[in-house]
Every structure is written in C-alpha cells, then in structure tokens.
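Sending over a structure as structure tokens; questions will come in a sec.
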Amino acid sequence: MVAALILVMSVAGLVHFALQYRRALATVAATATHAACLRLAGIAGSKVDTQTFRIVMSLENLCPDLEGSSRDLLAVRLYSRILRTLRRTSNSWLPALAAWADRERTLCFRYVAVRMDERILRNRAAIAGIRSF
C-alpha cells in the first residue's frame with residue numbers, strides 16, 4: 001500500500017513538472033524575437049521545417065555562450081528529435097498527432113530562436129565591454 005502511494009505521488013510530481021516545463025517553454029517562445037537570429041541564419045519567413053531548425057541549432061556552435069552554459073539547448077534538441085520521429089511514424093495513420101508534433105516543433109524553433117537572440121545580445125554586450133577598455 002505504501003509502495004503504491006509512493007508510485008502515485010511520484011507520477012503526479014513528474015506530470016506536474018512536465019506541465020510546468022511545457023508552460024515555461026510556451027512563455028519563452030511567445031516572446032517577440034529580435035531578428036538577429038533569423039538574419040544570421042539567413043531565414044526569411046516563419047515557415048519551420050527540418051532544415052530551418054537545423055540551421056538555427058547550428059548557430060549554437062557558431063555563437064558560443066560566453067557565460068559557459070553550452071548545454072542549455074540540449075533538452076530542446078532531444079525533444080525536437082522525438083517530435084520529428086513521432087511525426088514521421090504517425091503521418092499516415094494518425095494525422096492529428098502529426099499536426100500536433102508540427103505545432104510542438106514550431107514552438108521548439110521559436111524557443112531556440114529566442115534563446116539564440118538572447119545569446120547574441122549578451123555576446124554583443126560583452127564585446128562592446130571589451131572594446132571599451
């Protein structure tokens with residue numbers, strides 16, 4: 001009985017954490033992006049496909065984080081891969097699930113674009129601070 005209670009409480013905590021993480025992801029992705037990330041990636045328009053997401057994620061290698069947290073987008077990259085696989089497997093037999101996966105990947109793209117814009121702005125500020133000496 002105690003083991004079942006512990007299991008139920010653990011699952012409830014995990015679901016609560018997942019919902020809070022999803023809400024935080026949606027909040028950040030809803031912020032207006034600066035055009036710096038899209039301009040650097042050479043992306044015009046808001047159409048998100050696999051190639052667009054790869055281009056924006058490649059900016060992570062080109063624009064290092066000067067604060068040292070280089071693994072901050074690892075979870076989003078993993079989630080996007082899971083969604084891509086889910087979309088590929090469910091495209092023919094469950095189109096609603098494929099459409100949901102597309103919406104989630106668009107959300108991931110916007111989140112990464114916002115994070116990369118923040119990183120670009122921090123790096124520009126750091127470079128300006130170095131040049132002032």
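Measure off 7 Å from each Cα along the Cα-to-Cβ vector at residue 15 and residue 128, then give the distance between these two points in nanometres to one decimal.
Here the modelled spin labels are 4.8 nm apart.
For residue 7 and residue 22, compute 0.36 nm times the residue count separating them, minus their Cα-Cα distance, and round to one decimal in nm.
The residue 7-residue 22 span can extend by a further 3.2 nm.
Still on this structure, I have one more. Go through segment 55-132 and name the trypsin sites (Lys or Arg not before Pro) that are in a DSSP coil and have 12 or fewer other Cβ atoms within 10 Å of their Cβ.
Sparse-neighbourhood loop trypsin sites (Lys or Arg not before Pro): 71.
Readers should treat all values here as calculations from the given coordinates under stated rules, not as data from a laboratory. Predicted, not measured: the structure shown is a model, and the values here were computed from it. Positions of Cβ are backbone-derived with ideal geometry, glycine not excepted, and every protein chain shown enters the neighbour counts.
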